[in-house]
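Worksheet: one structure, shown below.
The values are calculated or read from the model by the stated rules, or taken from the named source; none is laboratory data. Fair warning: this is a prediction, and the values are worked out from it, not measured in the lab. Don't worry about glycine lacking a Cβ; one is built from the backbone with ideal geometry, like all the others, and counts go over all protein chains shown.
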Amino acid sequence: MRLYVKRVFINDKFEDLIPRWLTFARGVVDSEDLPLNVGREILQKSRTLKIIRKRVVRKVLDTIDDLREKTPAKYDSFWNTYGKYFKVGLVEDLDYKDELKRFVRFWSSTSGDNQTSLPEYVTRMKEGQK
């Protein structure tokens, strides 16, 4: 993610702007609310940056969710390429753990050549199975 403040380039490798499990996402963030003389310490403590981070993550997840719902074949290709990042997110990022569960795919004995999502797997579970 590239960070701009009032259309002035600040940084293109600012790790705190997106979580580690979204490192494949590319984009530009331009904020009017951050000071131009931004230092790394100021950004790390910035409430505005936390809000920006939440909105960026939400936007990326919404876009991926649209892909998953509208074009399952493209989502399968996306999953094969970037699925490992979501699995890392499930382990590392407790804030988004529940959100990420709907995106994750696994192989199961009944899925055949296709992977299955966690919600699909749960609906197929036998009564009393944990």
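To keep it simple, each residue is scored yes or no on (1) of a type outside the set (Gly, Ala, Ser); (2) at pLDDT 90 or above; (3) in contact with a strand residue (DSSP E or B) (Cβ under 8 Å, 6 or more places away or on another chain).
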site	(1), (2), (3)
Thr71	yes, yes, no
Lys74	yes, yes, no
Tyr82	yes, yes, no
Val88	yes, yes, no
Glu92	yes, yes, no
Ser111	no, no, no
Asn114	yes, no, no
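Listed here are the residues, each with its yes/no results for (1) out of contact with any Phe, Trp or Tyr (no Cβ under 8 Å at 6 or more places or on another chain); (2) surrounded by fewer than 16 Cβ atoms within 10 Å (Cβ to Cβ).
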| residue | (1), (2) |
| --- | --- |
| Ile51 | yes, yes |
| Val56 | yes, no |
| Asp65 | no, yes |
| Pro72 | yes, yes |
| Phe103 | no, no |
| Leu118 | no, yes |
| Met125 | yes, yes |
ask   = Restricting attention to the range 105-122, and to residues there that are assigned to a loop (DSSP other than H, G, I, E, B) and among the hydroxyl-bearing types (Ser, Thr, Tyr), which single residue is farthest from Lys70 (Cα to Cα)?
value = Ser109
ask   = Of the numbered conditions (1) surrounded by fewer than 12 Cβ atoms within 10 Å (Cβ to Cβ); (2) modelled with pLDDT of 80 or more; (3) closer than 24 Å to Lys97 by Cα, Gln44 satisfies every one except a single condition; which is it?
value = (2)
